[in-house]
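The values are calculated or read from the model by the stated rules, or taken from the named source; none is laboratory data. Just so we're clear, the structure is a prediction, and the values are computed from it rather than from any experiment. Cβ placement follows ideal geometry from the backbone for every residue including glycine, while neighbour counts extend to all protein chains displayed. Note: accessible area is taken over every heavy atom of the protein model, side chains too, but ligands, DNA and RNA are not part of it. Shrake-Rupley method; radii C 1.70, N 1.55, O 1.52, S 1.80 Å.
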Amino acid sequence: GVMVAMGASFAMALPISTPPNAIAYGSGMVPSKDMLVVGGLVSLLCTILIAATGPVVIHFALAILE
């Protein structure tokens, strides 16, 4: 559950993924192509971050729950 929550919070590639993205896209100043490129890079980096820290986070969460 923890990794799914972290993954969902890092979804940033599309204008509808988060309310701030929708506001930025709705202003007309940020094209969807730019959002896709930058959001895709952020999503890729966050995927690597989750894979690298996942075991530590899960161990910590299970220790708290016990």
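VAL30 meets the conditions (1) at pLDDT 85 or above; (2) assigned to a helix (DSSP H, G or I); (3) over 13 Å from the mean Cα position of the chain (by Cα); (4) of a type in the set (A, V, I, L, M) in every case but one. The failed one is (2).
The residue list LEU49, LEU36 contains one member that is outside any loop (DSSP other than H, G, I, E, B), out of contact with any Ser or Thr (no Cβ under 8 Å at 6 or more places or on another chain) and either basic (Lys, Arg) or surrounded by fewer than 13 Cβ atoms within 10 Å (Cβ to Cβ) (or both), which is LEU49. Within the stretch 1-33, the residues that satisfy the criterion of being aliphatic (A, V, I, L, M) and touching a Ser or Thr at 6+ places or on another chain (Cβ under 9 Å) are MET6, ALA11, MET12, ALA13, LEU14. Taking the stretch 10-23 as the range and being part of a helix (DSSP H, G or I) and either open to solvent by 70 Å² or more (accessible area, probe 1.4 Å) or modelled with pLDDT of 85 or more (or both) as the test, the residues that pass are PRO19, PRO20, ILE23.
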